[in-house]
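A short worksheet on the structure shown next.
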Amino acid sequence: MGRLLKCRARVQAEVKELQLQARALDQQIREWEARIFVHGKDVRAPGVILEEKAKIQRRIKILEDQLDRVTCRFDIQLVRNAALREELDLLRIERNRYLNVDHRLQKEIQLLQHTISTLIVSSTLFSFVLVAHSGHLCLSFGPLCLSLHLLFLLPLFRFPLLVSPSAPLHLMSLSG
């Protein structure tokens, strides 16, 4: 009887082990059935798969075309930007040159105004005659004659002038 009990215990242990294996196999079967079911959903008729592939290929082609167009526009903008940058650099150089010439001319005008004001102040001591010939003005102090451009001088006179009606134009100060 001890032997039968031992055999029975061993058989029960084997039965439990086989039941555990059966449960594990059942679990694996359920997993595989679930995979097959999911895969079965994905598996469609071959025409549907080909249709979806064609749609995807068309979409890829459309997106590639759009990318090419955008790339072309971007390249055009880069070229235009470079040309505008070059033009801007040239305009900056021209502006600096203009400002230099303007500054030099402003200095020259100030020097002329200073010279004229000095001559005007010194001329109040004695009379002088201004004679205009072909757009130039000649300022006579006896033997000394100073020729200046008429357009620069006329706005600078700050004293009354008498204009002679005879030609060429004679301008005389009132102090003489």
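Rule-based calculations on the coordinates, nothing more; no lab input. Computed from a predicted model, the values in this text were never measured in an experiment. In this analysis, Cβ positions are derived from the backbone assuming ideal geometry, glycine residues included, and neighbour counts consider all displayed protein chains.
So the values come out like this:
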{"quantity": "log₁₀ of I(q)/I(0) at q = 0.16, 0.17, 0.25 Å⁻¹ - the range 44-123, Debye sum with one point per alpha carbon", "calculated": "-0.83, -0.86, -1.06"}
{"quantity": "Sequence of I120, I49 once ranked by neighbouring C-beta atoms within 10 Å, starting from the fewest", "calculated": "I49, I120"}
